[in-house]
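S.K.: To start, I am sharing the structure in question, which I have written as structure tokens.
Just so it is clear, none of the values below were taken in a lab; they were calculated from the coordinates. Here the structure is a predicted model, which is why all the values come from computation and not from measurement. FYI the Cβ positions are ideal-geometry reconstructions off the backbone, even for glycines, and counts take in every protein chain you see.
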């Protein structure tokens, strides 16, 4: 069975849209407990961002940072393992612990609650979380374009999203996916109201390969598409950006507002090392893939051929051009905010400028 990766977004069937009360309660409790986050300053200290940054240990020991992945280790995380294995984190005076989430929704919750310093998440999720008054902020754009494409079987006869009108689409009951489908079909001149949505849970791949549905939303071009093709089920994929969905950042690095107040210096050091890690991956992809495979999760072993092809797809989508790796554009955040708001996916209005920072 394909490893569970589909409940990546916070707003899933198991955590209905805007129903985040347990999350908020957890966060509220943790924020008032002293010492619950290693980098917190005393409440009410009134320290500025500069003065609240912890000093390096007097004995010269490295400063500990924790980062939680969005999923099990795979090609998109190669830059982290390169930075760790090649000593780039150590050069910045950091001891970085890379953690896997027990549940794919954990990362954002735990960074907001101060239980991890950094987490990997997704641009729409950050904006939706801020709409729920969850104090998280993106500090770097890692994958700069959508990986989540609408997919249909290559022999289905469907040549554009509008042709899904009146047909069946499989998804995992995530409101964001529904909104993407609606926008793509409508932009292409189809009738989204005539589309029948079928919740296939985690079974996106078999739903399409067996013909249970005519298309799927939630599959990634660097994972599900590659697996389908490897299993003899070639697909035609449609980039949502070509059909009305804003060009969003698929993967971002997230910190909490409090963490940025307390530890921005260390987060900058982290990004310095991360950029070196990405440069290593770009120049030596085969060696980077070897380092990744050394850290694969035993419960979800990687297919080397799939990860190699995945990395080939990812590298150009992670390239910020003349800007440094991780750079975030103001217009991108505002475009995604506007689209989410118009689609009813923001519980409250959000200032997009509050959702990100370029370190």
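S.K.: On a full-extension model of 0.36 nm per residue, what is the gain between residue 279 and residue 298, subtracting their alpha-carbon distance, rounded to one decimal in nm?
M.R.: Length gained between residue 279 and residue 298: 4.1 nm.
S.K.: Follow-up question, since we're still on this one. What is region 282-359's relative contact order, in percent, from Cα pairs under 8 angstrom and six or more apart in sequence?
M.R.: Details: 29 pairs, mean separation 18.2, N = 78.
23 percent.
S.K.: Would you kindly calculate the mean projected area, averaged across all directions, of the convex hull enclosing the Cα atoms of region 240-359, in square nanometres? Kindly include the intermediate steps, with their values, before the conclusion.
M.R.: Numbers: hull surface 40.3 nm².
Dividing the Cα hull surface by four gives the mean projection, 10.1 nm².
S.K.: For an R0 of 45 angstrom, estimate the FRET efficiency from the Cβ-Cβ distance between residue 62 and residue 348 and round to the nearest 0.05. Mind dumping the intermediate values first?
M.R.: Values: r = 40 Å, r/R0 = 0.88.
Taking R0 as 45 Å, the efficiency between residue 62 and residue 348 is 0.70.
S.K.: Give me 63, 145 sorted ascending by neighbouring Cβ count inside 10 Å, so fewest comes first. Don't skip to the end; give the middle numbers.
M.R.: Values: 63 22, 145 15.
In increasing order of surrounding Cβ atoms, one gets 145, 63.
S.K.: Report the FRET efficiency, 1/(1 + (r/R0)^6), for residue 202 and residue 322, where r is their Cβ-Cβ distance and R0 is 45 Å, rounded to 0.05.
M.R.: Values: r = 40 Å, r/R0 = 0.88.
Between residue 202 and residue 322 the formula returns 0.70.
S.K.: What whole-number volume per residue, in cubic angstrom, does the convex hull of the C-alpha atoms of region 148-243 give? Write down the numbers at each step before the final one.
M.R.: Working: hull volume 7.6 nm³, N = 96.
That works out to 79 Å³ per residue.
S.K.: Quote the Stokes-Einstein diffusion coefficient, in whole µm² s⁻¹, for region 160-210, based on the Kirkwood radius over alpha carbon pairs, a temperature of 20 °C and a viscosity of 1.002 mPa s. Numbers along the way, then the final one.
M.R.: Details: Rh = 11.0 Å.
So the translational diffusion coefficient is about 194 µm²/s.
S.K.: Additional query: Based on the Cβ-Cβ distance from residue 358 to residue 194, what FRET efficiency comes out when R0 is 51 Å, to the nearest 0.05? Walk me through the numbers before you get to the answer.
M.R.: Details: r = 43 Å, r/R0 = 0.84.
So the FRET efficiency works out to roughly 0.75.
S.K.: Would you mind telling me the antiparallel percentage of the DSSP bridges in region 148-243, rounded to 5? The partial results should precede the final answer.
M.R.: Working: 8 of 14 bridges.
So the antiparallel bridges amount to about 55 percent of the total.
S.K.: In whole percent, what relative contact order does region 148-243 give with Cα contacts below 8 Å and a gap of six or more residues?
M.R.: On the way: 184 pairs, mean separation 42.9, N = 96.
Relative contact order for region 148-243 comes out at 45 percent.
S.K.: Given labels modelled 7 Å from the Cα in the Cβ direction, how far is it in nm from residue 338 to residue 100?
M.R.: 4.1
S.K.: Would you work out if region 315-359 is rounded, prolate or oblate? Take a ≥ b ≥ c from the square roots of the eigenvalues of the alpha-carbon gyration tensor; rounded if a/c is under 1.5, else prolate when a/b is larger than b/c, oblate otherwise.
M.R.: Details: a/c = 3.38, a/b = 2.03, b/c = 1.66.
Cα axes put region 315-359 in the prolate bin.
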